[in-house]
């Protein structure tokens, strides 16, 4: 702390603030762009206008995409949360080689580049007839969401006093009872965080949907991607803000839940 | 009969009791094994199997053998690989240099400032990569906001070519990678005892010398972790290079996607995908010699 007066430290701190501003720049700039009153991607000239949000909310295509994205993200979240939580608890109780192998397996989707998985799941779905179906997209998003839940719940379990669970069991609780009455309430904040991140993962996902979406599945990111490639009207900026808003809402929810549980 | 022995304290009774506990333990372990089943089945059927297929197709289509891998020497593939390595190396270098500066400032700040800066670093991590790339698109294009501002200020007379070239791709990629570069470095630097540099200073080292001979070597594992992590993520990056490269800067992921979706060349596409996985695993193996990789993913 004595060194904080040093020139080098001050310089590095200035650099750090510039880097933080650079990091936040695109997120901040997208909001005024979405409010532009001109007909192309730009900052508002005369004053803010909501015309492109009106565009979004009066277009059947965009609204359908919004609904699709939402249904897919909620369902994928449910799959990832249930599978990830149960597996994390199982690993925690079992320990040893089985749990090491399982933990490794749950990390694989974070390591393998998603384009590789996209090729594989595209081919597999083509044969199973799952291309362009809700089930297909939900399963792909759900499976790749498992690591988020498993990591957060495992971290919470590592801090958890195992004697609480043992006490419940020795007082006559069955495994199911100790799971529902002891473990789940204590793990609730971690499970909620995991669920929220699994939701965001699916909500923002683009590459997989490009491969397996077929002719019927146009999530918001996919429709926006197509829009950028052809028309590029400022409605895309409004869509970006809507995507952003839902993500921020989810992060705020996570923060609020954590605060309440602490 | 056994009931008579139970609790009697005889050797046979004790053994009986132990085996009962053991049996109950085994039954319990079975239940906990069952908890793994949903995730296991989902991952094996809908993740591992499809990925394994990709690797398999690379040596079996159009005909069995390693013919697809001969493509690695073809001019078009070499060009793509060259572009990929070049862009990823540049991105990694710039990202890690900036990350080091930021991480240094973050670890040497008061806890309140540290928390604010870390929030600024972590928040973008959760924002859709498509939204961020699109924002850069709006900023950097010919009629974009940066060019408009520079023209208005009279600093330039012609709009600059800020995207649809390597520059745009690197700006977008560095922006995406910075949090992944900064966080491992912060984790590493926070473990360095500040008393060590203070001691070096006390023994007569100049601030620069104390940094170069004490702090820098101690932060080396963080630098390696940050470099490898950023390079790995850069290799598999798709959205930003495609959007900001505009077909002018084709990296391996876009090439793979085109092979499959446009020209339907499963052989070449899966071969490159396999090579990509191999490169990532190799880098992770390298990384695991420096730090505990599981820690990076929060598994430990």
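What follows is calculated from the coordinates using simple rules that are stated; it is not laboratory data. The shown structure was predicted, so the numbers you read here are calculated from the model rather than taken from an experiment. Positions of Cβ are backbone-derived with ideal geometry, glycine not excepted, and every protein chain shown enters the neighbour counts.
Details
- Residue ID - surrounded by the most Cβ atoms within 10 Å (Cβ to Cβ), chosen from residues in region A:127-158 that are under 24 Å from the mean Cα position of the chain (by Cα) and over 16 Å from residue A:84 (Cβ atoms): A:137
- For region B:229-238, the tally of residues that are surrounded by fewer than 23 Cβ atoms within 10 Å (Cβ to Cβ) and under 15 Å from residue B:99 (Cα atoms) stands at 1.
- Here A:67, A:101, A:83, A:78 are screened, and the one residue that is surrounded by 17 or more Cβ atoms within 10 Å (Cβ to Cβ) and part of a helix (DSSP H, G or I) is A:83.
- In region A:144-262, counting only helices (runs of 4 or more DSSP H) that sit wholly within it, the ones holding 3 or more residues that are closer than 30 Å to residue A:104 by Cβ span A:162-170, A:175-178, A:184-204, A:207-212, A:235-261.
- The helices (runs of 4 or more DSSP H) found entirely in region B:9-93 that carry 1 or more residues being at the interface with another protein chain (Cβ under 8 Å from one of its Cβ atoms) are B:11-43, B:49-60.
- Taking the conditions (1) closer than 17 Å to residue B:33 by Cβ; (2) in contact (Cβ under 8 Å) with a residue 12 or more places away in the chain; (3) more than 7 Å from every other protein chain (Cβ to nearest Cβ) in turn, residue A:90 satisfies each one other than (3).
- Residues in region A:35-54 that are crowded, with 17+ Cβ neighbours inside 10 Å, within 13 Å of chain B (Cβ to nearest Cβ) and over 19 Å from residue A:229 (Cβ atoms): A:35, A:36, A:42.
- Top-ranked residue of region B:147-167 - restricted to ones that are within 13 Å of chain A (Cβ to nearest Cβ) and in a helix (DSSP H, G or I), ranked as farthest from residue B:239 (Cα to Cα): B:152
- Among residues of region B:12-31 being within 29 Å of residue A:87 (Cβ to Cβ) and surrounded by 13 or more Cβ atoms within 10 Å (Cβ to Cβ), the one that is farthest from the chain's Cα centre (by Cα) is B:28.
- Filter pass, residue B:195 being free of Cβ contacts under 8 Å to residues at least 60 places away in the same chain and within 10 Å of chain A (Cβ to nearest Cβ): no
- When we screen B:269, B:204, B:247 for residues that are within 13 Å of chain A (Cβ to nearest Cβ) and in a loop (DSSP other than H, G, I, E, B), the only hit is B:247.
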